[in-house]
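The values are calculated or read from the model by the stated rules, or taken from the named source; none is laboratory data. Treat the numbers as computed from the prediction; the structure is a model and nothing was measured. No Cβ is skipped: glycine too gets one built from the backbone with ideal geometry, and neighbour counts run over all protein chains shown.
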Amino acid sequence: MKNSYQIAFVDLDDTLLGPDKKISAANLAALERLREAGVQVAVASGRHYQNIVSFDQIGLQEWVLSSNGAVISHAKTGQILLETTMPAALVREVCEQGRALGMSLIAYHRDGAYIERDSSWTDLYAREAGWTPKRVAMESLPADGFQKIIWAEDPVLISRLAPKLRNQFAGRLYVVPTNAHLLEFLAPAGNKAHGAKGLAKHLGLASINALAFGDGNNDVELLGWAGLSVAMDHGRESARKAARLISPIGPPETAFARAVDLALSPQPFPA
């Protein structure tokens, strides 16, 4: 296949990682197929950088997009190419409103992940993420280092609040429901497409040189930007609508492998 794909932005949860939060043998082999085709792999995840680099199965990667693309880091040196943080006043506003509504607050700060109190929802987050945030008062953290704030609560409440909060913070924050029980708040440029554009510019690449693979609401902008994008067949409707292609139907733990086969198959560039 003759193409100009040089980099692949790969989501973690429910894309590279299966429902068990592990990387299947088929998906690991798909990463190698990308590399053998001359495509550099960059993980693009909502997870914190410190959490992403713990997945040593992924193998060689130069760059990592973490905190939903708010941070671009060099995986080997830790060099930060880009960090997009939330304005301190908006951090306070989101935290105060969340507390008033009884939300469990989780903060992604450049120094790590933090919670104010333990709850069943922060426990669920810790199990799914595979690490335990530290307990602190949010006001004790440096005000200029907040990458995102997460509200964790009952999915019914999150679903009801999400559209209202998107309207409330329109133009001021990027608000996106990720898991059913998580609602995330980031700076307006805190999305994966913004991070991918920043890295592509640094590497002298354009969108036509990029592949993207994802499944969730926070992948929508990236899937729409990349020259060729594939959504997982089990993914959110928003992701499947944004992507150029959808992976063939099959087990969710190997959807990424099927997506890579599709992306590397002989076919014309999408319009």
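Restricting attention to the range 63-78 and to residues that are in contact with an Asp or Glu (Cβ under 7 Å, 6 or more places away or on another chain) and part of a strand (DSSP E or B), the residue that is surrounded by the most Cβ atoms within 10 Å (Cβ to Cβ) turns out to be VAL71. Whether a residue is under 22 Å from LEU16 (Cβ atoms) and either acidic (Asp, Glu) or surrounded by fewer than 24 Cβ atoms within 10 Å (Cβ to Cβ) (or both) was assessed, and LEU205 passes this test. Please tell me if VAL10 is touching a residue at least 24 places away in the same chain (Cβ under 8 Å) and either surrounded by fewer than 20 Cβ atoms within 10 Å (Cβ to Cβ) or in contact with a helix residue (DSSP H, G or I) (Cβ under 8 Å, 6 or more places away or on another chain) (or both). In short, yes. A single entry from LEU173, LEU165, LEU182 fulfils the requirement of being touching a Phe, Trp or Tyr at 6+ places or on another chain (Cβ under 6 Å), crowded, with 18+ Cβ neighbours inside 10 Å and not hydroxyl-bearing (Ser, Thr, Tyr): LEU173. Restricting LYS197, LYS134, LYS201 to those that are modelled with pLDDT of 95 or more and in the same structural domain as ALA100 (by TED's automatic domain parsing) reduces the list to LYS134.
Taken over the range 91-113, the criterion of being under 20 Å from GLY69 (Cβ atoms) and in contact with a strand residue (DSSP E or B) (Cβ under 8 Å, 6 or more places away or on another chain) is satisfied by VAL91, VAL94, ILE106, ALA107, TYR108, HIS109, ARG110, GLY112, ALA113. Quick check on my filter: what residues within the range 113-156 are in a strand (DSSP E or B) and either out of contact with any helix residue (DSSP H, G or I) (no Cβ under 6 Å at 6 or more places or on another chain) or farther than 20 Å from VAL53 by Cα (or both)? Result: ALA113, TYR114, ILE115, LYS134, ARG135, ILE149, ILE150, TRP151, ALA152.
Within the range 52-62, one or more residues are out of contact with any Pro (no Cβ under 6 Å at 6 or more places or on another chain), in a helix (DSSP H, G or I) and farther than 15 Å from PHE9 by Cα. Here's a check for you: in the range 79-96, which residue that is surrounded by fewer than 17 Cβ atoms within 10 Å (Cβ to Cβ) and without any contact (Cβ under 8 Å) to a residue 60 or more places away in the chain is farthest from TRP63 (Cα to Cα)? Among those residues, the one meeting the criterion is GLU96.
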